[in-house]
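The values are calculated or read from the model by the stated rules, or taken from the named source; none is laboratory data. Everything numeric here is computed off the predicted structure, so don't read it as measured data. Here the Cβ positions follow ideal geometry from the backbone for every residue, glycine too, while neighbour counts run over all protein chains shown. Quick note on the areas: whole protein, heavy atoms, side chains included, nothing else; ligands and nucleic acids left out. Shrake-Rupley method; radii C 1.70, N 1.55, O 1.52, S 1.80 Å.
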Amino acid sequence: MKISLTRTFSTSLLGLLAVCLLVACQPEEATPLQPFPALMEVPEGFPEIPYPEDNAFTEARWQLGKQLFFDPIMSVDASISCASCHKPELAFSDDKAFSPGVAQRPGTRNSPSLANVAYHPYYTREGGVPTLEMQVLVPIQEHNEFDFNILLIAERLRADSTYYQMALDAYEREPDPYVITRALACFERSLISGNSAYDQYERGEKNLPPSVLRGKELFFSDRTHCSSCHGGFNFTNYTFANNGLYTNYEDLGRFRLTGKEQDRATYKVPSLRNIGITAPYMHDGSLATLEAVIEHYNSGGEDHPNKSPLLQPLLLNDQEKEDLIAFLQSLNDPLFNENPIFKRQ
């Protein structure tokens, strides 16, 4: 009986070891990676992309716009491109307070992200430019940016056989200001970001950590009023506001456009999408971290005649500050920032 029990135990042990070895040798099942969104794929819950009648999307127009976006041919000394200040890996923003222009001339404002720029009702911090096509002209003619003339850019492009053919393919005309502005706008309308952890949570595709959920509750609460300005699918209401950054401003903001005192030192409310990778913050890049941003709003800001009445001291404790930052970080969209279709080939 003793021998029988030993043999039975040995046989069972060997069987168990065999099973363990078999399982151990099996390749681990890889976690499926979420695919990058396709070109012009609109995320769930987003409206359709609005197009002007004379600039509907085609791949030929998009390809031409993309090539122009990354080409320093657009600047007077051929030293910088649109992508010099709007880097794909940074949600098409920059990590400098002021991006340098030609001849290393310092910029005058922090470069905003171009994510979801197709949905904006107007452009620049003053909101004085009504379309993306018209906005293209702003950096071209700015002394501290490209410092160039679009007619001279067109001359350069006409002398390039590749650009000449691409323009004919895209717009059935040779390179000219019409082609340049519309091709670049076509490319920029494709910069759609809507697959952050927050978006996936809202679609029921994943869970969020407790700190993020607490931060979400704070963000949308009447206590902080964050979502009063940063609401909607793009986390902005596109209005103009003063957030108490300074008592006295060198940059006059929307006042430059309207000349109205109520617009002095007010700026278009930016989107918060991808905010975790678009530091530094504010119109002048004066706040280096999200922690500094939260501290600013927690303090209630500096006194200014046009400061939004929504800004009041929040009296957040350390945990609440961390939770708010965790929520803001959940708005980052790696599928947008790492998407190879937006990289220079």
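Listing for the model above:
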quantity: Near pairs, Cβ below 6 angstrom, 6+ apart or cross-chain, from the stretch 267-278 (in contact (Cβ under 8 Å) with a residue 60 or more places away in the chain) to any residue that is of a type in the set (Phe, Trp, Tyr) and part of a loop (DSSP other than H, G, I, E, B); calculated: Ser271/Phe235; Arg273/Phe235
quantity: Unmet requirement for Arg156, which otherwise passes all of (1) among the basic types (Lys, Arg); (2) under 22 Å from Val76 (Cα atoms); (3) open to solvent by less than 70 Å² (accessible area, probe 1.4 Å); calculated: (3)
quantity: Residues satisfying the stated conditions in the stretch 220-238, i.e. surrounded by fewer than 19 Cβ atoms within 10 Å (Cβ to Cβ), hydroxyl-bearing (Ser, Thr, Tyr) and closer than 24 Å to Glu44 by Cβ; calculated: Ser227, Tyr238
quantity: Residue among Gly300, Gly285 that is over 24 Å from Lys216 (Cβ atoms), open to solvent by less than 20 Å² (accessible area, probe 1.4 Å) and touching a residue at least 40 places away in the same chain (Cβ under 8 Å); calculated: Gly285
quantity: Matching helices (runs of 4 or more DSSP H) fully within the stretch 150-229 where at least 3 residues are within 21 Å of the chain's Cα centre (by Cα), at pLDDT 95 or above and farther than 27 Å from Lys268 by Cα; calculated: none
quantity: Residue list for the stretch 240-273, restricted to those being open to solvent by less than 60 Å² (accessible area, probe 1.4 Å) and either charged (D, E, K, R) or farther than 22 Å from Asn298 by Cβ (or both); calculated: Phe240, Asp251, Leu252, Gly253, Arg254, Phe255, Thr258, Gly259, Asp263, Lys268, Arg273
quantity: Residue that is within 25 Å of Asn116 (Cβ to Cβ), open to solvent by less than 20 Å² (accessible area, probe 1.4 Å) and either of a type outside the set (Gly, Ala, Ser) or touching a Phe, Trp or Tyr at 6+ places or on another chain (Cβ under 9 Å) (or both), where the choices are Ile277, Ile294; calculated: Ile294
